[in-house]
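Everything on this sheet refers to the single structure shown next.
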Ligand code: ADP
């Protein structure tokens, strides 16, 4: 047993997912919940549960003192942050360390370093990892931005240095567009990330987003669990992911994965992490950012490699050595994940409310869900209510299985993105694997 009791500083499907592995390892679990989550399944799943505050995330799931207090009160010896909320908050990781509670994730220094896209780009370039061409300074004024942009050449992406979740980034094609969005992007960066710093990088036309899962221990060993294809996005946010990527040849896969491990190792990273890359139309790849946490889409990797990524997070946090070699990791078959959101499938407006019926064909697919029948989907949090994951011997069988699964899901009471997922699965372009991040806006009449 690596820890006696782990507090999960999160909610929804990811809290439930983490608890599953804890149970498998014989570790007790502590849930935390807000006023809006009193009846939530993640609370029922845990051995202990602590109420931490009001529904607004800042009063509960983002409240560091309350989280620490809940861990101390329940004698939890470790905290798993999940994704979102405090997962990439270096201050939180630091507070855990100070209190003698193990933070299940990398060090506060690594979270801080990779949380800053400008710093991360510099470090990766130094390590020989290709980065998107851009300007690695923080823009001080619109005049300076225009000057830098002239040198780089349009089109460009204006980005928040501490950005995330697809927020705080704007494509700019000309100086007048840059002038128009500069102040508002700065404001957005300040209000979402508490930091107004911006930088510029080349806009990659029709890109593909492909990321590599890495695992590094505290003893200098690092391996990868291959890649995830995450190009089906709307508003720069992923909605369908798959592994392997239909875009990569085995030679390119080997090179990309090796580069990702090299990048993570160059900074002495320890725990699991994701190196995100963007591919241009000529199959050149560039580092975008590193996520220093568990990804939403981690299950597709688990399905094709047979590894439990949460288990590795726990073991590495307990300073266990990685006792497997790269050659032990084989990628077998094909996995696809669909994110199901409580949103209008056309406008993407949130659709909170009570789930009247929920029938999931669990015999044919893996369902990592936040909710069960009768639950209320709250307007306070992310509208994703669950993930549907299928595994097939090859891509075609996985697609067929996903289509069959989606057909058998019965959910009433709220609107969901189920019809959109079905449309994507039915489209010729998805079927032939030849898609880019522009897929949704090019194919569907939706507001992206
Ligand atoms: P975040 O941290 O907000 O998720 P990322 O830098 O990881 O931001 O980018 C998210 C998505 O935005 C990418 O998957 C891609 O679709 C798009 N994107 C980001 N940078 C660029 C770029 N330079 N050119 C084209 N698209 C980009």
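The spacing between the range 175-197 and the range 23-75, judged by their C-alpha centroids, is 35 Å. Each peptide in 279-292, 223-236 was scored by the mean count of other Cβ atoms within 10 Å over its residues; highest first, the order is 223-236, 279-292. According to the square roots a ≥ b ≥ c of the eigenvalues of the Cα gyration tensor, what is the shape class of the chain, taking rounded for a/c under 1.5, prolate for a/b larger than b/c otherwise, and oblate for the remainder? Cα axes put the chain in the rounded bin. Annotation: for a label point projected 7 angstrom from Cα along Cα→Cβ of residue 249, residues of the range 273-296 with backbone N closer than 20 Å are 278-286. Principal axis extents of the C-alpha atoms in the range 208-447 (largest first, rounded to whole Å): 51, 42, 32. Between residue 127 and residue 218, what is the FRET efficiency for a Förster distance of 22 Å, r being their Cβ-Cβ separation, to the nearest 0.05? Result of the calculation: an efficiency of 0.70. Simple spin-label estimate for residue 59 and residue 397 gives 5.1 nm between the two label positions (7 Å along the Cα-to-Cβ direction from each Cα). Averaging Cα coordinates gives a centre for the range 394-414 and one for the range 100-156; these two points are 39 Å apart.
Suppose we keep just the DSSP beta bridges with both residues in the chain; what percent of those would be antiparallel, to 5?
The answer is about 80 percent antiparallel.
Between the beta carbons of residue 23 and residue 192, assuming R0 = 45 Å, the FRET efficiency works out to 0.80 to the nearest 0.05.
Taking the range 383-405 and a reference point 7 angstrom along Cα→Cβ of residue 423, the backbone N atoms nearer than 18 Å belong to 403. In this simple spin-label approximation, residue 357 and residue 141 carry label points 7 Å from Cα along the Cα→Cβ vector, and these lie 6.4 nm apart. Take 130-143, 12-25 and order them by the average number of nearby Cβ atoms within 10 Å per residue, most first; the result is 12-25, 130-143.
Here, each number is a calculation from the coordinates, and none is a lab measurement. Only a predicted model underlies this, so the values are computations on that prediction, with no experimental measurement involved. Cβ coordinates were reconstructed from backbone atoms using ideal geometry, including for glycine residues, and neighbour counts include every protein chain displayed.
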